[in-house]
Every structure is written in C-alpha cells, then in structure tokens.
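Engineer: I have a structure I would like to understand better, so I am pasting it below and will then ask my questions one at a time.
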Amino acid sequence: PRAKPTDWADWDFDIFWCERSGSAAQAQAEKMKKQLESEGAKGRIRVRLLPDSINDRPGYQHAGYVVRYNAGEEAQSNRLKALGDPSVGPAASFVTSISYQSTPWYLSAFLCPLRPAG
C-alpha cells in the first residue's frame, strides 16, 4: 500500500547529484524531486550539485545511489529509496546508509552513478 502523502509533510530533503556523473544524474535528481512533491512533501526539497572537490573528502566519497538517514529514520529512508529507485532506472537501485551527523527530519540522497562510456 502507498503511504499517505502527508507522511512527507514535515521532512526536508537534499537530493545531491555528483559533478562527475554529469547531466544524467542531475536529470534523475530533478525527477526524484518532482516525485516527492507529487506525493505531498511540503518541506524544503533541494536538488544540489555535489562538486568533486567535496565528494573526494573523507565522509563523502559517494558512488552509485545512496540515501543517508539517522537512527530511528529507517522507515522514512526506505520510503525514499522506494520512491527514488524508479527515477534511476531498472539497472540501478538506492542503498541506505546511516549518517552519524544529527539531522532530524532530514534525509539526503546522493545520485553518483559512473558516467556511461561515450
């Protein structure tokens, strides 16, 4: 069963796309944002560039598709994963990863696929 749209109302989201992944990742991030909005998310929803210079730092180094959450937010992170998976296509899937930075009522997603050859 689909969750009630109001379940997203109080949450904030940052959807990061990695610079080295290019415009395809940016388009996936925008699609994910639109899906959140269509499901009733009312908090802050931002699509943001994650520059290579930041992603190369310890604590980042994201590759692939990742949803970061705090302890106690497992249900919401799994919902965001389920919402995001169709945005990235059938050949990819988000993984969830705990964040040790306290960010209540906030989830972040990282879209950092390897760039396709060509």
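The values are calculated or read from the model by the stated rules, or taken from the named source; none is laboratory data. This is a predicted model, so every value here is computed, not measured. Positions of Cβ are generated from backbone atoms using ideal geometry, with glycine treated the same way; all protein chains shown enter the neighbour counts. Keep in mind that these areas ignore ligands, DNA and RNA; they rest on the heavy atoms of the full protein, side chains included. Shrake-Rupley method; radii C 1.70, N 1.55, O 1.52, S 1.80 Å.
Engineer: In whole percent, what relative contact order does the chain give with Cα contacts below 8 Å and a gap of six or more residues? Don't jump to the answer; show the numbers that get you there.
Structural biologist: Numbers: 205 pairs, mean separation 44.2, N = 118.
Result for the chain is 37 percent.
Engineer: Also: Note the angle between two axes, namely the Cα long axis of helix 74-88 and the longest principal axis of the Cα atoms of the chain, as a number of degrees from 0 to 90, rounded to the nearest 10.
Structural biologist: Orientation of helix 74-88: about 50 degrees from the principal axis.
Engineer: Given springs between every Cα pair under 10 Å in a Gaussian network model of the chain, which of 101, 26, 76 has the largest fluctuation?
Structural biologist: Judging by the Gaussian network model, the answer is 101.
Engineer: So what's the angle, to the nearest 10 degrees on a 0 to 90 scale, between helix 22-38 and the longest Cα principal axis of the chain?
Structural biologist: Orientation of helix 22-38: about 10 degrees from the principal axis.
Engineer: May I pose another question? Quick one: if you stick a label point 7 Å off each Cα along the C-beta vector at residue 30 and residue 9, how many nm between them?
Structural biologist: Spacing of the two 7 Å Cα→Cβ label points: 3.0 nm.
Engineer: Another question about this same structure. What percent does the relative contact order of segment 64-118 come to when contacts are Cα pairs within less than 8 Å and at least six residues apart?
Structural biologist: On the way: 69 pairs, mean separation 30.3, N = 55.
Across segment 64-118, relative contact order equals 55 percent.
Engineer: Something else about it: Tally the DSSP beta bridges in segment 58-116 and give the antiparallel ones as a percent, rounded to 5.
Structural biologist: On the way: 5 of 9 bridges.
The antiparallel fraction comes to roughly 55 percent.
Engineer: How much of the calculated P(r) for the chain lies past 25 Å, in percent of all Cα pairs?
Structural biologist: On the way: 1115 of 6903 pairs.
Roughly 16 percent, once rounded to a whole number.
Engineer: Something else about it: Please check: in the Gaussian network model of the chain (C-alpha springs, under 10 Å), which one of 104, 90, 51 has the largest mean-square fluctuation.
Structural biologist: Among 104, 90, 51, the largest mean-square fluctuation in the Gaussian network model of the chain belongs to 90.
Engineer: How much mean residue ellipticity at 222 nm does the chain get from its helices, if each DSSP H run of length 4 or more adds -39500 (n - 2.57) and you divide by all residues, to the nearest 500 deg cm²/dmol? Intermediate results must be reported in sequence, preceding the final value.
Structural biologist: On the way: 3 runs with 36 residues, N = 118.
So the calculated ellipticity at 222 nm is -9500 deg cm²/dmol.
Engineer: Let me ask you something else. Run the accessible area of the chain with a 1.4 Å probe and give the carbon-and-sulfur part as a rounded percent.
Structural biologist: Numbers: 3590 of 6740 Å².
Of the solvent-accessible surface of the chain, carbon and sulfur hold 53 percent.
Engineer: What are the aspartates and glutamates whose alpha-carbon lies under 12 Å from the alpha-carbon of residue 33, with same-chain residues fewer than 8 places away excluded?
Structural biologist: 12, 14
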